[in-house]
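Structure first, commentary second.
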2 protein chains.
Amino acid sequence: MAVMKKIDGGVCAATGFTAGGIRCGIRPNQTKKDLALIFSEVPCQAAGVFTKNRVKADPVQLDQENLRDGIAQAVIANSGIANACAPHGRQAAVRMGQIAAERLGIPAENVMVCSTGIIGQDLDTDVIASQIGTLVLRRDGALEAEEAIMTTDTRPKMTAYSFTAGGKTCRIGGICKGAGMIHPNMGTMLCFITTDCAVSSAMIRKALQEDVRVTFNRVSVDGDTSTNDTCLVLANGLAGNAVITEEDADYAAFRDALRQVMQDLAVMVAADGEGATRLLTVHVQGAKDEETAEKLASAVCQSTLTKAAMFGADANWGRVLCACGYSGAEFDPQKADIAFRSAAGEIAVCAHGQGLAFDEDLARKILSQDAVVIEIRLPDGGGDVCCWGCDLTYDYVKINGEYRS
Amino acid sequence: MAVMKKIDGGVCAATGFTAGGIRCGIRPNQTKKDLALIFSEVPCQAAGVFTKNRVKADPVQLDQENLRDGIAQAVIANSGIANACAPHGRQAAVRMGQIAAERLGIPAENVMVCSTGIIGQDLDTDVIASQIGTLVLRRDGALEAEEAIMTTDTRPKMTAYSFTAGGKTCRIGGICKGAGMIHPNMGTMLCFITTDCAVSSAMIRKALQEDVRVTFNRVSVDGDTSTNDTCLVLANGLAGNAVITEEDADYAAFRDALRQVMQDLAVMVAADGEGATRLLTVHVQGAKDEETAEKLASAVCQSTLTKAAMFGADANWGRVLCACGYSGAEFDPQKADIAFRSAAGEIAVCAHGQGLAFDEDLARKILSQDAVVIEIRLPDGGGDVCCWGCDLTYDYVKINGEYRS
């Protein structure tokens, strides 16, 4: 595997990309930045994955159409209004793309349009048209752009790596928003990844599909999936490597780097789930196969009873085994071992499906850390999967009981 | 349909049944009643449905074995310890049945054994053996028995009806515990139903399977299913009707009465979900078929975002439509109408998949009632299904963050 190195710059880490973000007043009473723009100085090969929800926001539908040619050069994204199920959703999405295209002097069909926020209300594109002139694109504009797409996120989510392909140093990085409605098969999440690696849109699509399965699709915050989920990858080729067009070593290097970027962002999304106080990693080892391991890990990750117990730092492993039991996965509960692990140590709580005597004080200390791993070990085979989630807290309820207010 | 009449008496409403409940100290620091006994003066035809969880508590496995002959005469049930995944679970379940059998002078294989509470700890049957002598069986003992099986339930759940079969007046009634881990396919729930109607165990089984599908399996509190779910029906035949052995009019009368009992209890379970402040009924009309309607209603009922919005009395219908969208059901979002309804009125919030202007104050008033109905109307066919659930509240998190403490 090619050597990967963590670098700065997020969605602007790759050569030729600039970004920016402003507050243009999409929701009048909101004071945060709400409009982001990402731009490549040359057209990019591009691909995306989108929500599987039958209710798709208009920008999602527009992007899917515009990506058919595998080419994009910019992303415009707003927060505050999701532009989903809105009376004039299609017009608003189209106009938003046109506004960016005019500002950038590129064809509208090369602009990807994304929205996140409240469903069912019309998006005011006039404020976007009147304010976009004040948005400055900068090489160091990644954080601004990230801030503009955040909703209930409490922390910006950015990462970037360098890697080698075709003897050239390539860079890949991204920004992401998550927080609520995060769930396997893409929860509400916007993720924009850029790279200067030269790679065909077909190969981007392939890598994206491989990688999303083991990264974002293994994150769950609340079991809801949204109308707007979008993950886009734009590759402008300015690194100068020979274009990757088949599954060779360069493809593997690109795919691995993309996976690392997506995994970093996926874990950040899980850790910053709405109201979350801790990141939950559910690690299943020794399941019959990968599919079985994923079913088990995913069920535990989504169990509200387990999530509430994790909030209370309560080593209630019975809920873990119980969630395994209703996961639909094939396994023998009598052969399952369970342990909790964190920076404070590891403690075995269940062996062969039965409770062990354990030190409750140590368990509480382990479960009180910011990042907790639930280890589930089976003797059945090589299925080894991590899923990521978070605890269920008072603040989740508070945030989501009042979201529209 | 035979005339049904609501009557008193719960699980003792039917002739020949007595019940009682005591505190015997299954968990030393718990002061509530924790042991229930239900008894029929003659052996009963009986059937049950049990958790689908792969992890089954020992009493569940024991009952399944003992019910193979379709005969039972008593139920012993404890709360506090689930006797699931416990080192000596089988022995404890067997001994609990023997203790009841000795006390009642009947064969142990005719005693149904049920437990609910914490998973993974051994059940102390010595306290049961030493205290069962103090348990008095009474014709008016239903409430005592109910109190003894409640865990985080805040209200007792009992109902009973009289109906006519074969020209005789029959009675059927039950008690139930629910609260957390309630989910389609039987959440943690114990439900005991008794009747003096004469009906074969095969016909009970048939009616139970028909009825559970449209009652308990349509209740969701938190998406978790438990290791201990059990719903038992005992019929002692003392009403003197000709034994029901085929699907005739008497069978229909029995099945309908059983369904009414189960629906009453199911709705009580939903309304008393852990931490719940209101009962949520999701009613889908006009779906393509029943299966589609059920998928839609069930997804909305389980959406934590919708549940949190209901807690906040927030008319965030976008989350309702969004949950429909990821339900896996076939429908056209562009044809969906959504309204909220309660004792305070009804308000339309979405027509043809798009937001309507509506009076937010009225919406808040409607959603602030104890019982709220989410109406989803489609133009596709005759699929008409209700699912029941509750809101997601701070108290759910509190209760489940501290359950073992």
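Each reported figure results from applying straightforward, stated rules to the coordinates on display, with no laboratory input. The structure presented is a predicted model; accordingly, all values stated were derived computationally and were not measured. Backbone-built Cβ (ideal geometry, glycine too); neighbour counts: all protein chains shown.
Across chain B, Cα-Cα pairs more than 36 Å apart make up 26 percent of the total. Computed over segment A:21-96, relative contact order equals 36 percent, with contacts defined as Cα pairs under 8 Å that lie 6+ residues apart. Taking every full run of DSSP H in chain A, the ones that stretch at least 15 Å from end to end by Cα along their long axis and average 0.0 or higher on the Kyte-Doolittle scale are A:249-271. Could you work out the helix-only [θ] at 222 nm for chain B, with each DSSP H run of four or more residues adding -39,500 (n - 2.57) and the total divided by the number of residues, to the nearest 500 deg cm²/dmol? Roughly -9500 deg cm²/dmol at 222 nm, from the helical runs in chain B.
For residue B:87, the label point sits 7 Å beyond Cα toward Cβ; its separations from the matching points on the remaining copies run 6.9 nm, from shortest to longest.
Sorted from closest to farthest, the other copies place their residue B:328 label points 0.4 nm away, with each point set 7 Å from Cα along Cα→Cβ. With both residues required to sit in chain A, DSSP beta bridges show an antiparallel share near 70%.
Distance from the alpha carbon centroid of segment A:236-299 to that of segment B:57-126 works out to 46 angstrom.
Once the Cα gyration tensor of the protein assembly as shown is found, what semi-axes does its equivalent ellipsoid get, as square roots of 5 times the eigenvalues, in whole Å, sorted largest first?
53, 30, 21
For segment A:120-182, evaluate the Debye formula with one uniform point scatterer on each Cα (no solvent term) and list log10 I(q)/I(0) at q = 0.13, 0.29, 0.30 Å⁻¹, rounded to two decimals. With no solvent term, the Cα-only Debye profile gives -0.57, -1.17, -1.18.
Considering only the protein assembly as shown, what is the antiparallel percent among its DSSP beta bridges, to the nearest 5?
That works out to approximately 70 percent antiparallel.
When chain A is treated as a Gaussian network with alpha carbon springs shorter than 10 Å, the biggest mean-square fluctuation among A:271, A:100, A:249 belongs to A:249. Label-point distances for residue A:139 to the equivalent site in the other copies, using a point 7 angstrom along Cα→C-beta, read 9.3 nm when ranked shortest first. Inverting the pair-averaged 1/r between distinct Cα atoms of segment A:1-154 gives 15.7 Å as its Kirkwood hydrodynamic radius.
Using 26 Å as the Cα-Cα cut-off, could you pick out the over-long pairs in A:335/B:52; A:5/A:33; A:206/A:295; A:5/A:295?
Listed pairs above 26 Å: A:5/A:33; A:5/A:295.
Based on every Cα atom in segment B:303-358, Rg and the maximum pairwise Cα distance Dmax equal 11.4, 32 Å.
For segment B:55-79, the residues whose amide N sits under 12 Å from a probe point set 7 Å from the Cα of residue B:94 along the beta carbon direction are B:62.
Note: relative contact order over chain B, using C-alpha pairs below 8 Å and six or more positions apart, is 17 percent. Among B:76, A:22, a tally of other beta-carbon atoms within 10 Å of each Cβ gives an order, fewest to most, of A:22, B:76. Peptide A:209-216 shows a mean partner chain C-beta count of 0 within 10 Å per residue C-beta. If the cut-off is 17 Å between C-alpha atoms, which lysines fall inside it for residue A:32, apart from same-chain ones fewer than 8 positions away? Straight-line reach from residue A:32, under 17 Å: A:157, A:177. Closest approach of a chain B beta carbon to the axis mapping chain B onto chain A (residue, whole Å): B:394, 2.
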